[in-house]
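Notes for the one structure printed next.
The values are calculated or read from the model by the stated rules, or taken from the named source; none is laboratory data. Computed from a predicted structure; not experimentally measured. Ideal geometry is used to build each Cβ from the backbone, glycine not excepted, and the neighbour counts take in all protein chains shown.
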Amino acid sequence: MAPPLLKICGLRQPDQAAAVAALAVDAVGVIGVPSSPRWLEPARRAALFDAVASTRRDCLRVLVVADPAEEEIPQLEPGPGGHNVVQLHGNESVERCQELRRRLPKGLLLWKALRIREPGDLLQVPNFAPVVDALLLDAWVSSQLGGTGHRIPLEWLREFRCEQPWWLAGGITPERMACLQGAVNPNGFDASSGVEDAPGVKNLALVEALVRAVRNHQPPGEAGGEDAQ
């Protein structure tokens, strides 16, 4: 079985994004949500994505948005060297995801993040899975859409299954990966605040350590996991 993928989200500087891509991460994310402390204004995104693409063409370039308004739709269409994934991280309905899928260019991947507040929230996954290319599970926090470091309790995820690829976000750090061994089996892990010195400023040593930890991740049945939070 191939090891999980790793996405580092919330980059703001082209040179650091290129350095992160060079560490063999699988995806780099840029935040297009103005309320986020990691927000990157539209005029600066192309340079960052171009730096990633120039460093590693196979590294996914993800634009994270939340409930995009009609006037923001043109920003979701990638230019040369721009993003090749749009991640919806707001309160988008299944119907809205379907609409955006129809309107966005073919070949552009569409991911949907679901913020999990209680175990029953996982029941909505089958509704979204058929209309997007991947799902991302993050912990619900009232004051911020993502990048909070809050974690979904592992016991909620032990029996979780998804017909589409899915990513786990929330408090992903090199140390945390030891607790996730043998406990969960996502297709990828999404890290942001857990590898930062400050919002949007990544610690490359922590990113490198996380890359190693993710590559060594063992799914349930192959290692003993803990429920420590």
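What the table below lists for this structure:
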{"quantity": "Filtered residues of segment 10-36 (kept if assigned to a helix (DSSP H, G or I) and small (G, A, S))", "calculated": "A17, A18, A19, A21, A22"}
{"quantity": "Residue within segment 129-138 that is within 14 Å of the chain's Cα centre (by Cα), surrounded by fewer than 19 Cβ atoms within 10 Å (Cβ to Cβ) and at pLDDT 90 or above present", "calculated": "yes"}
{"quantity": "Residue in segment 37-47 that is part of a loop (DSSP other than H, G, I, E, B) and either surrounded by fewer than 17 Cβ atoms within 10 Å (Cβ to Cβ) or at positive phi (or both) present", "calculated": "yes"}
{"quantity": "Residue count, segment 89-113 (criterion: without any contact (Cβ under 8 Å) to a residue 40 or more places away in the chain and within 13 Å of V65 (Cα to Cα))", "calculated": "6"}
{"quantity": "Exclusive hit being at pLDDT below 95, touching a strand residue (DSSP E or B) at 6+ places or on another chain (Cβ under 6 Å) and of a type in the set (V, I, T), set I73, I116", "calculated": "I116"}
{"quantity": "Test for A19: is it at pLDDT 95 or above, touching a Pro at 6+ places or on another chain (Cβ under 7 Å) and surrounded by fewer than 20 Cβ atoms within 10 Å (Cβ to Cβ)", "calculated": "no"}
{"quantity": "Top-ranked residue of segment 170-192 - restricted to ones that are free of Cβ contacts under 8 Å to residues at least 60 places away in the same chain, crowded, with 24+ Cβ neighbours inside 10 Å and not β-branched (V, I, T), ranked as farthest from P37 (Cα to Cα)", "calculated": "L180"}
